[in-house]
Amino acid sequence: MSRHLATLIPSAFLLTLVGTFCVTDLAAAATISGRVQLGAGDEVDPLADVPVTLLEATEGTPVVMGQAVTDRLGRFQIESARQNSSSIFFLAADIERGVQFVTILGVRLPAQATINELTSVAASYSMAQFYRNGYISGNAFGLRIGALMSNNIVAPASGESSDVLLISPNADQTHSLRMTRSLANMLNAAARDIFARYLFLLATSPEGSWGDLPENTAVGMANLARNPGWLVYPLYRLSQTSTTYGRVLQRLPAAWTVTVKVNDSGNDNYLFGGPANVSFDSRGFAWVANNTIQGTPFSAKRIMVLRPDGKPSDGRFGRAASPVTGGGILGDGWGITVDRTDTVWIGNFGWGGDDYFPTLNPIVSTNPLKLGNGSVSSFSVAGTPLSAPIGYFGGTLRVQAIKVDQDGNVWCCSFGNDKVIVFPGGDPRRSQELQFYEGAGPFGLAVAPNGDVWVSNSGGLAGLNRSSVARVRLDDDGKLQLLFLTDVGNTLKVIDVDSRGNAWVASQGDDTVYGFRPNGHRIGGFTGGGVRGPWGLCIDGEDNLWVANFGKLIVDDNFTRGRISKLCGINRDAWPPKKSLGDPITPITGFTVQSAGSQVLLHDGTPLYGTGMGAEPSYAPIMRQTSVQIDQAGNIWSVNNWKPRFTTDIGLFNDGTLVVDMEDANPGGDGLIIFVGLAPPPPSQFGM
């Protein structure tokens, strides 16, 4: 779908689409009106004589629903046989040779829409993983999620920045509002000047494919969304050649990532406080583990549920109202998962507070806990507790990761007593356990394709004991069998398995990601690309590795440049040119989020570190990350687990052991950062 600029014609693929749409339902016809323009707001340049096409995305070539040509004021009107789609509608406008602007409309045809540079930025980024054939195509479920994310970037009716980007926790608390406007200025320059257009298409060609230009600017922008660290500087210079969109980036970004920060829990009496991990249900709702009560080190008794666009779930559509409580939730650690029956499982680590052993060191101790600590909780997706008010036990103590295998067996990392415990068929009354060595501190779990389970033994959250990787099986007699155990790394955290059964584990203490063959033989240890204190890890749909970086567990480590990193995985076909297994794909900074000048605020408007004595403003919107998870539109959800400054958050070391001041500590981070359209979606367990 690429060719040299000299041979470009206005959106040839749209003009040669074959096929008609037959109305087979009783849905009423609809009309959409709008305008094609350069710019937004009061100062716009309407574009006359521009072909506009209304399309419906499919898993193949988009279907033409109607066409029009703009009048002298840039206005158009298109009639459609249907108002609703099981997939999504979008508009495409052929501005000039090689310049196409797109607006994502979603599942329901609106009455009004604008097509401009900003709507096209939103379209290319939100649909980046569906733009690989030169047009938008893919499964309907993922496309619908992508359309919701597009609305987080731009208001399609007006073509102006969305309210989501204009207000806290975005606005100038992150640089994404300015990022999208700088990207829009690139398109403005490309539309007005053929030389600028050629530079843009050249700079957004696939890496290693010089001269194989994208068909148009919409395709080029989607290429950039998938590979945002490529040729950053020339694109930045190009963005400065237009001044149509104000409040743009004032300095060179590390990469052209577009993010949306979300931090509305649904109730400001229960703010996010140390979100730790995310798991998606069958409708794309995000279930978020939450460690502590914001502003304290004490155990939270609620978790959050967000819609696919990051807004809090309000109890409609058969989903829970956020935040969710009950069922024994007490300081959910990293453990949260939604199984293929849409049952939610939660591991309660317990951090501190009224129901907690008051002298317990919440980082390294394994002292006995009071009733209600260390349990497992379970919920329906409607938010109804399935577990008792004190949760399930079955031998668990301070649970970290929790996973459900292909047969419905629930696996738990029982960190507090150095065991992996499984509830066969989800029944804690029939629990089976496997004891590891003293101080193992099992943390991460990953289910292999054959049903075996990989376990990462952390050696304690602060890494005071040896770390190891193990593979465990539930045999035909219902007993746990240890297949092998291998010492590796330092302070292991999350482990995941790729499509070929290889295991990859984040080793926080030595800034390394280790890989293992299914038989336990080590592939190697890899770093770079911004990997620093890696904690979370996931595998994308091309088998590349994504890493959430926490930083070091040392008191003087003020990790004010949070970031995620990408490394080459096992699939050679997904490696960029001149890259090899384990090589970094991200720049040395990783993919980060900078402030545009405003301090970070919680959802209730208070500063991240409060307003008391010694509380200094923070300008770090992305904090210490413990998880990255990819939704079915390719958006990466990363979590701000801890705040960036240990000197403020924690307070002190005691004989080499990290100690939380139970009166004044304020560790819990704020909200989630969603990187739009950045990663190929992994296969869904729900078959979507």
Exactly one of (1) part of a loop (DSSP other than H, G, I, E, B); (2) small (G, A, S); (3) crowded, with 21+ Cβ neighbours inside 10 Å is unmet by G318. Its number? (3)
Output the number of the condition that F349 fails; it satisfies all remaining conditions of (1) open to solvent by 10 Å² or more (accessible area, probe 1.4 Å); (2) on the phi < 0 side of the Ramachandran plot. (1)
Find the residue count for region 1-57, including only residues that are within 24 Å of G138 (Cβ to Cβ), assigned to a loop (DSSP other than H, G, I, E, B) and at pLDDT 95 or above. 1
Looking at (1) closer than 27 Å to D573 by Cα; (2) buried (at least 19 other Cβ atoms within 10 Å of the Cβ); (3) aliphatic (A, V, I, L, M), find the lone condition where V232 falls short. (2)
Output the residues belonging to region 150-209 that are open to solvent by 40 Å² or more (accessible area, probe 1.4 Å), of a type outside the set (V, I, T) and within 22 Å of P308 (Cβ to Cβ). N151, A157, D163, L166, S168
List pairs: first in region 605-627 and open to solvent by 40 Å² or more (accessible area, probe 1.4 Å), second modelled with pLDDT of 95 or more and not acidic (D, E), Cβ under 7 Å, 6+ apart or cross-chain? P617/Q599; P617/P607; Y619/S595; Y619/Q599; Y619/V600
Condition test on G220, is it open to solvent by 10 Å² or more (accessible area, probe 1.4 Å) and of a type outside the set (A, V, I, L, M, F, W, C)? no
Quick count over region 92-134, residues being hydrophobic (A, V, I, L, M, F, W, C) and part of a helix (DSSP H, G or I), is 6
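Could you count how many residues in region 492-514 are on the phi > 0 side of the Ramachandran plot and open to solvent by 10 Å² or more (accessible area, probe 1.4 Å)?
First, the residues of region 492-514 that are on the phi > 0 side of the Ramachandran plot: 501, 511.
Then keep just the ones that are open to solvent by 10 Å² or more (accessible area, probe 1.4 Å); that gives 511.
Of the residues in region 492-514, 1 are on the phi > 0 side of the Ramachandran plot and open to solvent by 10 Å² or more (accessible area, probe 1.4 Å).
Any residue at all in region 385-393 that's under 25 Å from I539 (Cβ atoms) and open to solvent by less than 20 Å² (accessible area, probe 1.4 Å)? Before the answer, list the steps.
First pass over region 385-393, keeping only residues under 25 Å from I539 (Cβ atoms): none.
Looking for residues that are under 25 Å from I539 (Cβ atoms) and open to solvent by less than 20 Å² (accessible area, probe 1.4 Å), one finds none in region 385-393, hence no.
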When only residues in region 131-142 that are touching a helix residue (DSSP H, G or I) at 6+ places or on another chain (Cβ under 6 Å) and not hydroxyl-bearing (S, T, Y) count, which is modelled with the lowest pLDDT? G134
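For region 104-119, name all the residues that are in contact (Cβ under 8 Å) with a residue 60 or more places away in the chain and in contact with a helix residue (DSSP H, G or I) (Cβ under 6 Å, 6 or more places away or on another chain). Walk me through it before giving the result.
From region 104-119, those in contact (Cβ under 8 Å) with a residue 60 or more places away in the chain are 105, 109-118; that's our starting set.
Residues satisfying the conditions are E117, L118.
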Count of region 235-253 residues which are open to solvent by less than 40 Å² (accessible area, probe 1.4 Å) and outside any loop (DSSP other than H, G, I, E, B): 4
Subset of region 544-563 (residues that are closer than 16 Å to G669 by Cα and open to solvent by less than 40 Å² (accessible area, probe 1.4 Å)): A548, N549, F550, G551, L553, D557, F559, G562, R563
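Consider E43 carefully, then state whether it is among the charged types (D, E, K, R) and open to solvent by 40 Å² or more (accessible area, probe 1.4 Å). I'd like the intermediate steps shown before the answer.
Numbers: among the charged types (D, E, K, R): yes; open to solvent by 40 Å² or more (accessible area, probe 1.4 Å): yes.
It is true that E43 is among the charged types (D, E, K, R) and open to solvent by 40 Å² or more (accessible area, probe 1.4 Å).
Residues of region 284-315 being open to solvent by less than 20 Å² (accessible area, probe 1.4 Å) and part of a strand (DSSP E or B), which ones? I'd like the intermediate steps shown before the answer.
Looking only at region 284-315, we keep the residues that are open to solvent by less than 20 Å² (accessible area, probe 1.4 Å), and these are 284-292, 297, 299-300, 303-306, 308-310, 313.
Within region 284-315, A286, W287, V288, A289, N290, T292, S299, I303, M304, V305, L306 qualify.
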Given the conditions (1) closer than 18 Å to T589 by Cβ; (2) touching a Gly at 6+ places or on another chain (Cβ under 8 Å), and given that T560 satisfies all but one, which numbered condition is not satisfied? (2)
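Determine whether region 62-69 contains at least one residue that is of a type outside the set (A, V, I, L, M, F, W, C), without any contact (Cβ under 8 Å) to a residue 40 or more places away in the chain and assigned to a loop (DSSP other than H, G, I, E, B).
The initial filter retains those residues of region 62-69 that are of a type outside the set (A, V, I, L, M, F, W, C), namely 62, 66-67.
From the residues that got through so far, the ones that are without any contact (Cβ under 8 Å) to a residue 40 or more places away in the chain too are 66-67.
From what is left, the residues that are assigned to a loop (DSSP other than H, G, I, E, B) are none.
Taking every residue of region 62-69 in turn, none turns out to be of a type outside the set (A, V, I, L, M, F, W, C), without any contact (Cβ under 8 Å) to a residue 40 or more places away in the chain and assigned to a loop (DSSP other than H, G, I, E, B).
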Show me the strands (runs of 3 or more DSSP E) found entirely inside region 565-660 where at least 1 residues are at pLDDT 95 or above. 624-630, 636-642
Does A679 qualify as being in contact with a strand residue (DSSP E or B) (Cβ under 8 Å, 6 or more places away or on another chain), assigned to a loop (DSSP other than H, G, I, E, B) and modelled with pLDDT under 90? no
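For region 522-543, indicate whether the set of residues that are among the aromatic types (F, W, Y), assigned to a strand (DSSP E or B), open to solvent by less than 20 Å² (accessible area, probe 1.4 Å) and at pLDDT 95 or above is non-empty. If you could, list the steps in order and put the result at the bottom.
Kept after step one, since they are among the aromatic types (F, W, Y), are these residues of region 522-543: 526, 535.
Checking the rest, the ones that are also assigned to a strand (DSSP E or B) come to 526, 535.
Going one step further and asking which of them are open to solvent by less than 20 Å² (accessible area, probe 1.4 Å), we end up with none.
No, region 522-543 has no match at all.
With surrounded by 19 or more Cβ atoms within 10 Å (Cβ to Cβ), under 20 Å from the mean Cα position of the chain (by Cα) and either over 26 Å from K403 (Cβ atoms) or touching a residue at least 24 places away in the same chain (Cβ under 8 Å) (or both) as the only criterion, which of G331, G335 stands out?
Numbers: G331 fails: under 20 Å from the mean Cα position of the chain (by Cα).
Answer to the check: G335.
The values are calculated or read from the model by the stated rules, or taken from the named source; none is laboratory data. Since the structure is predicted, the reported quantities are computational estimates derived from the model, not experimental observations. Glycine gets a Cβ as well: all are built from the backbone with ideal geometry, and neighbour counts include every protein chain shown. SASA here: full protein model, heavy atoms, side chains in, ligands and nucleic acids out. Shrake-Rupley method; radii C 1.70, N 1.55, O 1.52, S 1.80 Å.
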